[in-house]
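Notes follow once the structure below has been shown.
Each reported figure results from applying straightforward, stated rules to the coordinates on display, with no laboratory input. This one's a predicted model, so the numbers in the text were calculated from it and none came from an experiment. All Cβ positions, glycine included, derive from the backbone under ideal geometry; neighbour counts span all protein chains shown.
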C-alpha cells in the first residue's frame, strides 16, 4: 500500500498541473456510503495521475519517432519498433505509437471499473477488464463461465500504472483496433476517435455512445489540454 501511494505522489509531482485534492484515498479502500461526487473524486485521484503520466511519455516517444521519420534519422530504431509493433509502414508505426486522448482512457476506465470500485479493480488493479489467456501470468477468475463451460480470466497487475501501460499497448497492437489507431493518427478529437471502438465491446455503437456520454457529462476533455 505504501508503495502504491508513493507512486501516486510521484505522478502528481511530475504532473504539476494535475488538479487533485490532497492525498486521502487509497487504492483498495472504498469509503462507506459514497456519494456520486466522492466516487468520481476518488476515481480521478487514483486513475488520472498514472494515466497522464503514461500518456505524457508515450506522446514524447511518438513525437520523437515522427521527427526521426521526417528527417530520416535513427532508422535502425524505427525498424526495430516496426517489428515490436508489427507495423507495416512508417505511417502504421506512427498510428500505433500515438496515444489517444486522456479523456477516452478515463471514460473507458470509469465504465469498465465502475469508477474504480469493481472487484477486478480492487483485487487485480485491472481497470479495463482486460482478459487473460495465459495461464502462466498473474490473473483472477471473473467468477462466471462463458456458455457455462469456459472460465473467463482477467489479468492481474501489480499497480494501476502497469494496467494503463498494458491498455495502451493493447490498443496499439490489437487487430480489432486498426480503425481506432487510424482515427487517432488523423485527429485529436475524442468524439471522432471513439468511433473506432466498435469492436472493443459486443455492444458496438451503443458502447461508443456511452463512452462519448461519459466524456461529455464529466468534462473529461479538459484533461486533454493539460
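Please arrange 57, 217, 100 by counting, for each residue, the other beta carbons lying within 10 Å of its beta carbon, fewest first. Intermediate values should be presented prior to the final figure.
Values: 57 13, 217 9, 100 26.
Ranking 57, 217, 100 by Cβ neighbours within 10 Å, fewest first, gives 217, 57, 100.
If you rank 158, 198 by fewest surrounding Cβ atoms within 10 Å, what's the result? Can you show the working numbers first?
Values: 158 13, 198 17.
Going from least to most buried by this count: 158, 198.
Using only Cα atoms and rounding to the nearest 10 degrees, what angle (0 to 90) does helix 160-173 make with the longest principal axis of the chain?
For helix 160-173, the angle is close to 40 degrees.
Would you mind calculating the relative contact order of the chain from Cα pairs under 8 angstrom and at least 6 residues apart, reporting the percent as a whole number?
Details: 261 pairs, mean separation 42.7, N = 226.
Reported relative contact order: 19 percent.
Given the rule -39500 (n - 2.57) for each run of at least 4 DSSP H residues, summed and divided by the residues of the chain, what is its mean residue ellipticity at 222 nm, to the nearest 500 deg cm²/dmol? Numbers along the way, then the final one.
Details: 10 runs with 124 residues, N = 226.
For the chain, the value works out to -17000 deg cm²/dmol.
Round to the nearest 10 and give me the degree value, 0 to 90, for the angle of helix 75-85's Cα axis relative to the longest principal axis of the chain.
Relative to the chain, helix 75-85 is tipped by roughly 40 degrees.
Picking from 179, 98, 64, which is most flexible by a Gaussian network model of the chain using Cα springs under 10 Å?
64
Just rank 159, 151, 51, fewest to most, by other beta-carbon atoms within 10 angstrom. Don't skip to the end; give the middle numbers.
Details: 159 15, 151 10, 51 27.
In order of increasing Cβ crowding within 10 Å: 151, 159, 51.
What Kirkwood hydrodynamic radius do you get for the chain when you take the inverse of the mean 1/r over all pairs of distinct Cα atoms, in Å? List each step's numbers first, then the result.
Details: mean 1/r = 0.0539 Å⁻¹.
In the chain this quantity evaluates to 18.5 Å.
Let's test the formula: R0 of 25 Å, r as the Cβ-Cβ distance of residue 213 and residue 60. What FRET efficiency results, to the nearest 0.05?
Details: r = 31 Å, r/R0 = 1.24.
It comes to 0.20.
At R0 = 25 Å, how high is the FRET efficiency between residue 78 and residue 170 if r is their beta carbon distance? Nearest 0.05 is fine.
Details: r = 22 Å, r/R0 = 0.88.
Here the calculated transfer efficiency is 0.70.
What distance in nm separates the two pseudo spin-label positions at residue 119 and residue 186, each 7 Å out from Cα along the beta-carbon direction?
Reported label-point gap for residue 119 and residue 186 is 4.1 nm.
Expected output is a single nm value to one decimal: the length gained when fully extending between residue 32 and residue 90, i.e. 0.36 nm times separation in residues minus the C-alpha distance. What is it? Please list the in-between numbers first.
Values: separation 58, 0.36 × 58 = 20.88 nm, distance 5.08 nm.
Full extension from residue 32 to residue 90 adds 15.8 nm.
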